[in-house]
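Down below is the structure, laid out as structure tokens.
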Amino acid sequence: RKEVEQDPGPFNVPEGATVAFNCTYSNSASQSFFWYRQDCRKEPKLLMSVYSSGNEDGRFTAQLNRASQYISLLIRDSKLSDSATYLCVVTPGTGFQKLVFGTGTRLLVSP
Amino acid sequence: DVKVTQSSRYLVKRTGEKVFLECVQDMDHENMFWYRQDPGLGLRLIYFSYDVKMKEKGDIPEGYSVSREKKERFSLILESASTNQTSMYLCASSDTGSNTGELFFGEGSRLTVL
């Protein structure tokens with residue numbers, strides 16, 4: 001079983017739609033969780049951290065479910081510019097030196 | 001702005017050649033990383049370094065070595081390139097004092113081994 005699993009998509013949604021991605025992780029000792037965004041032919045960049053209490057940043061909401069070992073990303077009112085690959089990232093334990101990346105979920109937002 | 005610069009965006013090498021990939025960061029970060037990214041496999045950690053002259057193996061170190069002689073520079077070396085090392089190589093850095101461990105990536109080096 002992969003340490004971090006994501007649906008590769010693509011998720012095709014119209015502008016204005018709400019879309020959600022899940023990511024499951026296998027190591028119950030995982031401590032920190034993140035979503036990174038990677039545009040086509042670009043490097044990944046941190047989108048947001050995922051806290052136990054959940055967190056929101058504008059149209060983006062991230063949640064953590066430790067009991068079921070998954071994290072989620074919800075995007076409301078999708079924009080064309082949200083089209084990208086969203087990478088789920090987990091730290092296997094304490095410290096940030098060995099992040100484990102999922103393979104990513106591709107989102108395509110159409111007019 | 002944090003800047004991570006990789007020396008070559010595109011390289012084409014022949015099997016058996018020695019390949020150097022250079023990475024420089026300008027934010028005085030302690031940690032530096034080399035990943036490779038392949039379709040369907042995502043980013044996989046090759047090596048990382050948390051200090052000058054220190055290095056740790058990642059998940060797929062075979063066929064690679066690294067060098068960190070200065071804090072700002074982290075080099076990836078393929079002693080004898082093979083076709084299965086054709087990939088996108090991404091360098092990253094992070095600050096030990098960060099409360100998120102945010103990785104800052106370079107733009108990547110696409111290596112093709114013929």
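The values are calculated or read from the model by the stated rules, or taken from the named source; none is laboratory data. None of these values were measured; they are calculated from a predicted model. Note that each Cβ is placed from the backbone with ideal geometry, even for glycine, and that neighbours are counted across all protein chains shown. Please note that ligands, DNA and RNA were not included when accessible areas were found on the heavy atoms of the full protein model with its side chains. Shrake-Rupley method; radii C 1.70, N 1.55, O 1.52, S 1.80 Å.
Brief remarks follow.
- Across q = 0.14, 0.16 Å⁻¹, chain B modelled as identical point scatterers on its alpha-carbon atoms has Debye log10 I(q)/I(0) values of -0.51, -0.67, in the order of the q list.
- Rolling a 1.4 Å probe across all protein chains gives B:VAL52 an accessible area of roughly 50 Å².
- Association of chains B and A removes close to 1600 square angstrom of accessible area from solvent, both sides included, for a probe radius of 1.4 Å.
- Shielding by partners for peptide A:69-80, expressed as the average number of C-beta atoms from other protein chains within 10 Å of each residue's C-beta, is 0.
- Length-normalised contact order of segment A:15-93 in % [C-alpha pairs under 8 Å, at least 6 apart]: 44 percent
- Across peptide A:44-51, the average count of Cβ atoms from other chains found within 10 Å of a residue's Cβ is 3.
- Applying a 4.7 Å Cβ-Cβ cutoff to chain A leaves A:CYS40 as cysteine residues with no disulfide-compatible partner.
- Cα-centre dipole for segment B:1-58 with unit charges at Cβ (Lys and Arg positive, Asp and Glu negative), debye to 20: 440 debye
- Our coupling estimate for segment B:104-114, obtained by passing each phi through the Karplus curve with A = 6.51, B = -1.76, C = 1.60 and θ = phi - 60°, is 10, 9, x, 6, x, 10, 8, 9, 10, 10, 9 Hz, Gly and Pro reported as x.
- Spatial offset of segment A:60-111 relative to segment B:45-113 amounts to 23 Å, using the alpha carbon center of each.
- Shown here for segment A:2-76: GluC sites (Glu not before Pro) in loop regions (DSSP other than H, G, I, E, B) with at most 16 other Cβ atoms within 10 Å, namely A:GLU3, A:GLU15.
- Cross-link pairs B:LYS3/B:LYS70; B:LYS13/B:LYS55; A:LYS45/B:LYS18; A:LYS98/B:LYS53; B:LYS18/B:LYS57; A:LYS2/B:LYS57 - those with Cα-Cα distance over 28 Å: A:LYS45/B:LYS18
- Accessible area in the full protein assembly, largest first, 1.4 Å probe, for B:LYS18, B:LYS71: B:LYS18, B:LYS71
- Only Cα pairs under 8 Å and 6+ residues apart enter the sum, and on that basis the relative contact order of chain B stands at 36 percent.
- Exercise: per-residue mean of other protein chain Cβ atoms within 10 Å, B:41-47: 5
- Scaled radius of gyration (Cα, divided by 2.2 N^0.38 Å) that the protein assembly as shown gives: 1.03
- Largest to smallest in accessible area, the residues B:SER82, B:SER49 fall in the order B:SER82, B:SER49 (1.4 Å probe, all protein chains included).
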